[in-house]
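The values are calculated or read from the model by the stated rules, or taken from the named source; none is laboratory data. These numbers were taken from a predicted model, which means no experiment stands behind them. Every residue, glycine as well, gets a Cβ built from its backbone with ideal geometry; the counts of neighbours run over all protein chains shown. For the accessible areas, the whole protein counts, side chains as well, though only heavy atoms, and no ligand, DNA or RNA atoms are used. Shrake-Rupley method; radii C 1.70, N 1.55, O 1.52, S 1.80 Å.
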Amino acid sequence: MTGATGMVTPAPEDGLHHRTCPLCEGMCGVTVAVKGGKVASVRPNRQDVWSRGHVCPKGTTLGDLHHDPDRLRTPMVRDGGEWKSVSWDAAFARLEELVEGVRARHGPDAFAAYAGNMAGKDSALSRYSGLMLQASGIRQVYSSSTVDQHPKNLSAMLMFGNEWKIPVPDLDRTDLFVIFGGNPAASKGSIFSHRDVMGAMRDLRARGGRVIVIDPVRTPTARAADQWIGLKPGSDAAFMLGVAHVLFARDAVRLRHLEGLIEGLDALRAVAADFNPERVAPFCGVAAAVITGLADELIRTDRAAIYGRIGTCTQQFGTLASWMVDVLAILTGNLDREGGSMWSRPVAALVDMLATLPKGMPVVMGQSRVRGAPAVLGQFPASCLAEEIATPGPGQIRGLLTVAANPALSAPDAGRLAAALPLLECMVSMDNYINETTRHAHVIFPSPSFLESPHFDMWSWIFCLTSGGRYSPPVFPPQGRPEHWRVVARVGAIIGGQPHADVDTMDDRYFAALAAGRGMAPEQALALLPERGPARILDLAIRTGPFGDRFGAVQDGLSLASFADAPDGRIIGPAVPRASEGFATASGRIEIAPPLILSDIPRLEQAVDAPAAPLVLVSRRHLRSMNSWMHNIPTLVKGKERCTLRMHSADAAVRGLVGGDTVAVTSVAGTITVPLELDDDIRPGVISMPHGWGHGDPQTHLAVAQAHPGANTNVLSPGTLVDAVSGNAVLNGIPVDVRKLVNNGNVVMRATA
Ligand SMILES: Nc1nc2c(c(=O)[nH]1)N[C@H]1C(S)=C(S)[C@@H](COP(=O)(O)OP(=O)(O)OC[C@H]3O[C@@H](n4cnc5c(=O)[nH]c(N)nc54)[C@H](O)[C@@H]3O)O[C@H]1N2
Ligand SMILES: Nc1nc2c(c(=O)[nH]1)N[C@H]1C(S)=C(S)[C@@H](COP(=O)(O)OP(=O)(O)OC[C@H]3O[C@@H](n4cnc5c(=O)[nH]c(N)nc54)[C@H](O)[C@@H]3O)O[C@H]1N2
Ligand code: SF4
Ligand SMILES: [Mo]
């Protein structure tokens, strides 16, 4: 800052700030250097007790994100194609007017909500989206869960009684790490928070252990492993049932301390009997000996951590595959055991506070209007959104709330969705950019930037086998805006037809209900933690959590204050077995063969015996991308074009294609045009595309991304292709056709294998 004398006076925030990068589950510690009120650098924080200096190229762009000229700082209201920056009150007033219209014309049920991935990372949204939804009265809820981990939520719910009770691989203490459909070299780990997965894989191999990667693509993670098994997309469940078959056939099932805690073993044995490795091998595209070999390795290895991620979820048999990952852990004695897969003990016990189904409540709660798809765990499939907006009739969606989401790029049937969004009579977005989705909104309410927000990664610690925590206060005090949680609450109230509801009262009620869930009387909780906002929810979660001070009842117990004075974080200790705490299932035990999951076995059997599509598409991630929304940061998009179609050279040769060709990729859902890159590290018959690109829309305000548009692969993802049980989108294993284009855009050759 330059003062009247021309001397540079330090801004109050000048200096070094230790923070957690909020961008992914790695939770890296970074040091943000601020000079003259601007971010001068973001560097790894070697003192950080968790990450000890580990970062990736995204984390060092937190300053670029903060200073990005396209990032919204004020609410925006759209008038036709024109966006105006308006005051907070003017934005609330405009929303109120639009909501009143929709409610008057179509009733309150005409509103739906779509929550995206970053809703869990935004400090206010992560703790107040629940309140916002409650206040809005919205019953049709969609989210990025059904393009991501919903099958895992469902299997965890049915097996362990809580949708977030997802076992995490104990990589640091295992002898064998088996990864199905995850590429931590790019993603840094998912539903698995680890400071450095690739480093830990190296350590494992150095101490004599092994890593096996099971993925149609020989990814950088697979290249760093001892063995790559390049199975066909969508065949994991059959593959794993083949492994289970061998375990039973060899009488090698070892339940160890879970003996007596497992319900349904006979039903599972009966199912596995039908999945002889010889039978499933052609469907999986691997030799039967490979399946038997994995079973034998699991039998002779003391401790194995079996992990499945997005490749096992966003596929045709997502629920069966997600379930089998945990079944194999149980059968080999590796669940809830050090060096196997374990449940975390998060300091802020949000996982227990999250609304999970009351005992005995069915997991399927209603059906979608147009196609009758099941709403599993309270969510309608993202795959249905376009048709629910576009199909006339009672119950049609007329109003939409999007929360930190970009479904126009990230959800299936993207072409139909982009065509449907303009039909909405009221669309309100909680978002920081005018992007491919929010450009259709009528009103946008931005969050403060990450550097203007406090941060404690309640979500990622849930999937971390080290208990710990770190609190980062804002670097820059947010200016000229209401506290964001108040905005979030107010938007909910307006949609719910209560524009004048008192936000303080709403917060107190919401907080008291959370406290009641932790066994506290509302008056007591409100008296102990009177200061409103997200920090008291966090404090409650910590103080009533496994290491909490219980408001003085536990000596040396933790509270939020314990983290406020530890800028480099606090580590409490490693995970311990938790099965003896019991399970919220109907039987009170682990349900190893839930009937709903088994009901999908006939569909799998049919697929195993059916002919396969000649060419299928899978997705891939890159270290420098974060889904759809970080392509506006120059350092992350510079260099070689990354939005390419990768194909094995043998597949290209058959089609007369060479690297660098521009090709048209077509599925039943649509066609996109992309440059071709040859890659012999991909299984023949499989091609891959990254998602989150397709920034060519001139109506967005993303100057950098528009200059690096790429193509939207989700134009190719058919909305009709879902995992039948969970309703999750199938984004991997999509049948496609690839043709060469000449420069004028005409297709010159039709090629199918
Ligand atoms: N083909 C294919 N499609 C996929 C996938 C795939 O593997 N293949 N992966 C799927 C997965 S796993 C996911 S999670 C989804 C993600 O799908 P989405 O969650 O719909 O999309 P994102 O790209 O993460 O968009 C995040 C949005 O949040 C906004 N944002 C960023 N930071 C903030 C903030 O602090 N506050 C607020 N209010 N907004 C913010 C961004 O501007 C952007 O609009 O994509 C899915 N789509
Ligand atoms: N840099 C970066 N990091 C991210 C993200 C990002 O976009 N960029 N996104 C974040 C989010 S929201 C998520 S959910 C996580 C996802 O984290 P990961 O699951 O690790 O994600 P991917 O790198 O997409 O790895 C999925 C792998 O599954 C493989 N695959 C596809 N189909 C199948 C199949 O049928 N079976 C098997 N076995 N494998 C298959 C693909 O080839 C790919 O290698 O990453 C998070 N971290
Ligand atoms: S690995 Fe994840 S948490 Fe670490 S710097 Fe990169 S984006 Fe941030
Ligand atoms: Mo995700």
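Key figures
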{"read-out": "Residue selected from region 165-193 under the condition away from ligand 4 (no atom under 16 Å from the Cβ) and open to solvent by 20 Å² or more (accessible area, probe 1.4 Å), by the criterion modelled with the lowest pLDDT", "value": "165"}
{"read-out": "Matching entry among 91, 119, 113 (being touching a strand residue (DSSP E or B) at 6+ places or on another chain (Cβ under 6 Å) and closer than 15 Å to residue 378 by Cα)", "value": "113"}
{"read-out": "Per-region count, region 431-466, residues aliphatic (A, V, I, L, M), within 20 Å of residue 703 (Cα to Cα) and in contact with a helix residue (DSSP H, G or I) (Cβ under 6 Å, 6 or more places away or on another chain)", "value": "1"}
{"read-out": "Candidate set from region 619-632 (those that are surrounded by 22 or more Cβ atoms within 10 Å (Cβ to Cβ) and away from ligand 4 (no atom under 15 Å from the Cβ)); member that is farthest from residue 186 (Cα to Cα)", "value": "632"}
{"read-out": "Cross-chain or 6+ apart pairs with Cβ under 6 Å, region 212-231 first and of a type in the set (Asp, Glu), then surrounded by fewer than 21 Cβ atoms within 10 Å (Cβ to Cβ)", "value": "226/210"}
{"read-out": "Number of the exception - residue 162 against (1) within 16 Å of ligand 3 (Cβ to nearest atom); (2) open to solvent by 20 Å² or more (accessible area, probe 1.4 Å); (3) part of a loop (DSSP other than H, G, I, E, B)", "value": "(1)"}
{"read-out": "Hey, residue 670 free of Cβ contacts under 8 Å to residues at least 24 places away in the same chain, open to solvent by 10 Å² or more (accessible area, probe 1.4 Å) and not hydrophobic (A, V, I, L, M, F, W, C) or not", "value": "no"}
{"read-out": "Residue in region 194-207 that is farthest from ligand 3 (Cβ to nearest atom), counting only those that are hydrophobic (A, V, I, L, M, F, W, C) and open to solvent by 10 Å² or more (accessible area, probe 1.4 Å)", "value": "206"}
{"read-out": "Residue that is farthest from residue 405 (Cα to Cα), among those in region 121-132 that are out of contact with any Pro (no Cβ under 6 Å at 6 or more places or on another chain) and buried (at least 21 other Cβ atoms within 10 Å of the Cβ)", "value": "131"}
{"read-out": "Residue, most open to solvent (accessible area, probe 1.4 Å), within region 633-655, restricted to residues that are of a type in the set (Val, Ile, Thr) and more than 25 Å from residue 685 (Cα to Cα)", "value": "635"}
{"read-out": "Leading residue by the ranking (farthest from residue 239 (Cα to Cα)) among those in region 609-630 that are more than 14 Å from ligand 1 (Cβ to nearest atom) and of a type in the set (Gly, Ala, Ser)", "value": "613"}
{"read-out": "Residue tally, condition open to solvent by 30 Å² or more (accessible area, probe 1.4 Å), among the hydrophobic types (A, V, I, L, M, F, W, C) and in a loop (DSSP other than H, G, I, E, B), over region 7-29", "value": "1"}
{"read-out": "Test: residue in region 441-464 that is of a type outside the set (Asp, Glu), open to solvent by less than 10 Å² (accessible area, probe 1.4 Å) and free of Cβ contacts under 8 Å to residues at least 60 places away in the same chain", "value": "no"}
{"read-out": "Extreme residue, farthest from ligand 3 (Cβ to nearest atom), among residues of region 302-339 that are within 22 Å of residue 269 (Cα to Cα) and in a loop (DSSP other than H, G, I, E, B)", "value": "333"}
{"read-out": "Within region 133-152, tally of residues that are outside any helix (DSSP H, G or I) and either away from ligand 4 (no atom under 16 Å from the Cβ) or open to solvent by 30 Å² or more (accessible area, probe 1.4 Å) (or both)", "value": "6"}
{"read-out": "Qualifying positions in region 249-284 - under 23 Å from residue 586 (Cβ atoms) and charged (D, E, K, R)", "value": "259, 263, 266, 269"}
{"read-out": "Qualifying residue in region 42-54 (condition: within 16 Å of ligand 2 (Cβ to nearest atom) and at negative phi)", "value": "yes"}
{"read-out": "Qualifying residue in region 640-650 (condition: out of contact with any helix residue (DSSP H, G or I) (no Cβ under 9 Å at 6 or more places or on another chain), within 16 Å of ligand 2 (Cβ to nearest atom) and among the β-branched types (Val, Ile, Thr))", "value": "yes"}
{"read-out": "Test result for residue 490, over 25 Å from the mean Cα position of the chain (by Cα), buried (at least 20 other Cβ atoms within 10 Å of the Cβ) and at pLDDT 95 or above", "value": "yes"}
{"read-out": "Identity of the residue in region 684-700, under 26 Å from the mean Cα position of the chain (by Cα) and farther than 25 Å from residue 81 by Cβ, that ends up most open to solvent (accessible area, probe 1.4 Å)", "value": "691"}
{"read-out": "Near pairs, Cβ below 6 angstrom, 6+ apart or cross-chain, from region 717-738 (of a type in the set (Ser, Thr, Tyr)) to any residue that is in a loop (DSSP other than H, G, I, E, B)", "value": "717/412; 717/731"}
{"read-out": "Residues that are open to solvent by less than 10 Å² (accessible area, probe 1.4 Å) and away from ligand 1 (no atom under 11 Å from the Cβ), drawn from region 400-416", "value": "400, 401"}
{"read-out": "Hits in region 113-153 (condition: touching an Asp or Glu at 6+ places or on another chain (Cβ under 7 Å) and away from ligand 2 (no atom under 15 Å from the Cβ))", "value": "139"}
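To keep it simple, each residue is scored yes or no on (1) closer than 29 Å to residue 723 by Cα; (2) more than 8 Å from ligand 2 (Cβ to nearest atom); (3) among the polar types (S, T, N, Q).
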position: 183; (1), (2), (3): yes, no, yes
position: 198; (1), (2), (3): no, yes, no
position: 205; (1), (2), (3): no, yes, no
position: 212; (1), (2), (3): yes, yes, no
position: 217; (1), (2), (3): yes, no, no
position: 221; (1), (2), (3): yes, no, yes
position: 235; (1), (2), (3): yes, no, yes
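Per-residue answers, yes or no, for (1) more than 23 Å from residue 736 (Cβ to Cβ); (2) more than 16 Å from ligand 3 (Cβ to nearest atom); (3) open to solvent by 60 Å² or more (accessible area, probe 1.4 Å):
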site	(1), (2), (3)
209	yes, yes, no
221	yes, no, no
231	no, yes, no
238	no, yes, no
254	yes, yes, yes
280	yes, yes, no
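Matching residues to (1) open to solvent by less than 20 Å² (accessible area, probe 1.4 Å); (2) of a type in the set (Asp, Glu); (3) at pLDDT below 95:
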site	(1), (2), (3)
330	yes, no, no
336	yes, yes, no
347	yes, no, no
355	no, no, yes
358	no, no, yes
370	no, no, no
382	yes, no, no
